[in-house]
Amino acid sequence: MESPFKPEILKGKVALLTGGASGIGFEISTQFGKHGASIAIMGRRKSVVDSAVSSLQSLGIPAVGFPGDVRNQADAKRVVESTVAHYGKLDILVNAAAGNFLVSPEDLSPNGFRTVVDIDAVGTFTMCHEAVNYLKKGGPGRSSDESGGMILNISATLHYTAAWYQIHVNAAKAAVDAITRNLALEWGTDYDIRVNGIAPGPIGDTPGMRKLGPDEIETNREYMPLFKLGEKWDIAIAALYLASSAGKYVNGMTLIVDGGLWLSRPRHMPKDEVKRLSRIVEKKARAAPVGVPSSKL
C-alpha cells in the first residue's frame, strides 16, 4: 500500500530494532528505511538477521545486523554500542522482540513463564537501559540543540481484559506498558526522550498468527468490528507516525491498532430482536399508571 507520509520524514535518523528481522518488526524496519532512516537489526538467529539485512539493502536502505539476545545485558550493550559505532548515533529504539505460545496456566512451567517475561519485559527494559545515554538530549552523536530520541515498545491488547492460554504473555505485556509509561514520565522529564508503545491486534501473515491459530480467528470474525485481520503495514505506519515529527507531542501512550477488536463482545441478540423487545418495553412503559414502580411492570 502507498504510504501517506513523505519519503523523507525519518531522513537522517538511525533506528535500532530488536525482533526487526521478521514479522511486524521487519515491516517496521522496511517502512522506517523507505522513509529515510538507517536501520540496525538485532536478533537471536544470525541467518535470519543476515537475510533481513540483505532484503533491506536490496531496496537501497542502509542496514546492518547484529546477532544478540535481549535477555543478555552484555549482548544489549554490545549491539547498542555497535550501532552507534557504525552510524555515529542512535535516534530510535524499537523493542519488538517477543516470545509466545499457547498453554494452560496449569501446564505452564515457571521456567516457561519466566522465559516470556524475560524476553518481552526484562528484555525491553534492558535495551532501554543500554540505549538511554545515546538517546538522551545532548548524548553522543547528538548536537546540543537536538531533541532527545524515541523509544517504541511493541505490546498487545490481551491483558486489557484476559485471554485464554496467554497468562505468561499478558503478564509480560502488562509490564511492558508500565515500562512505557514510567520511562515516558522520567526520561521525558530528565532527558527529552519520548517513550510510546503500539498494541497490535491480530495481524495476518505473521509468526504470531501462525502460532496462535488463524483458523480460530477467522471463525470468530463476527466479533471483529472491522470484520478483518490487520496487516503488518498497519502497525508499521502507526510506528512511523509515532517516530516522526507528527508524533512529537505524544509521550507515554500505547496506541491500540486492532480495528477495535479489544472493545468487542459477542452480540447478545440479533438487531431485529433488539428492535422488537424495545418496542414491547416502550409500550409497557407508556401503559403503566403514574407512580407504579418499574419493578411492577
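Where a number appears in this text, it was derived from the coordinates with a stated rule and is not lab data. These numbers come from a predicted model, not from an experiment. Cβ coordinates were reconstructed from backbone atoms using ideal geometry, including for glycine residues, and neighbour counts include every protein chain displayed.
Below is a table of values for the structure above.
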| quantity | calculated |
| --- | --- |
| For the chain, size of Cβ-based charge dipole, Lys and Arg +1, Asp and Glu -1, in debye | 980 debye |
| Set of aspartates and glutamates near Lys46 by C-alpha distance (under 16 Å), chain-local residues within fewer than 8 positions excluded | Asp69, Asp75 |
| Net charge of neighbours whose Cβ lies under 14 Å from the Cβ of Ser147, counting Lys and Arg as +1 and Asp and Glu as -1 | +2 |
| Cα point-scatterer Debye curve for region 32-104, base-10 log of I(q)/I(0) at q = 0.11, 0.12 Å⁻¹ | -0.30, -0.35 |
| Region 129-164-region 167-183 distance, computed between alpha-carbon centres (Å) | 14 Å |
| Residue-averaged 222 nm ellipticity for the chain, from DSSP H runs of 4+ at -39500 (n - 2.57), nearest 500 | -13500 deg cm²/dmol |
| Environment charge at His159 (Cβ cut-off 9 Å; Lys +1, Arg +1, Asp -1, Glu -1) | 0 |
| Net dipole in debye of region 1-101 [+1 Lys, Arg Cβ; -1 Asp, Glu Cβ; about Cα centre; nearest 20] | 160 debye |
| Extension gain, Ser51 back to Asn72 (0.36 nm per residue minus Cα-Cα distance, nm) | 5.3 nm |
| Cα-only radius of gyration and Dmax that characterise region 1-147, units Å | 16.1, 54 |
| Percent RCO, i.e. relative contact order, over the chain, from Cα pairs under 8 Å lying at least 6 residues apart | 16 percent |
| Met1 versus Tyr249: modelled label distance in nm, points set 7 Å from Cα along the beta carbon direction | 2.6 nm |
| When each of Lys89/Lys173; Lys137/Lys232; Lys77/Lys136 is checked by Cα-Cα distance, pairs over 23 Å | Lys89/Lys173; Lys137/Lys232 |
| Calculated from backbone phi, Karplus (6.51, -1.76, 1.60) coupling profile of region 33-49 in Hz, x at Gly/Pro | x, 5, 9, x, 7, 8, 10, 10, 10, 10, x, 6, 9, 4, 4, 5, 4 |
| Positive-end extreme of charge dipole, the chain - chosen from Ala74, Met1, Phe101 (charges on Cβ) | Met1 |
| Per DSSP, loop GluC sites (Glu not before Pro) in region 1-109 with at most 16 further Cβ within 10 Å | Glu2, Glu8 |
| Long-range HN-HN contacts of Gly43 with modeled amide H, under 5 Å | Phe66, Gly68 |
| Farthest toward positive dipole pole in the chain [+1 Lys/Arg, -1 Asp/Glu at C-beta], among Met253, Leu152, Val84 | Met253 |
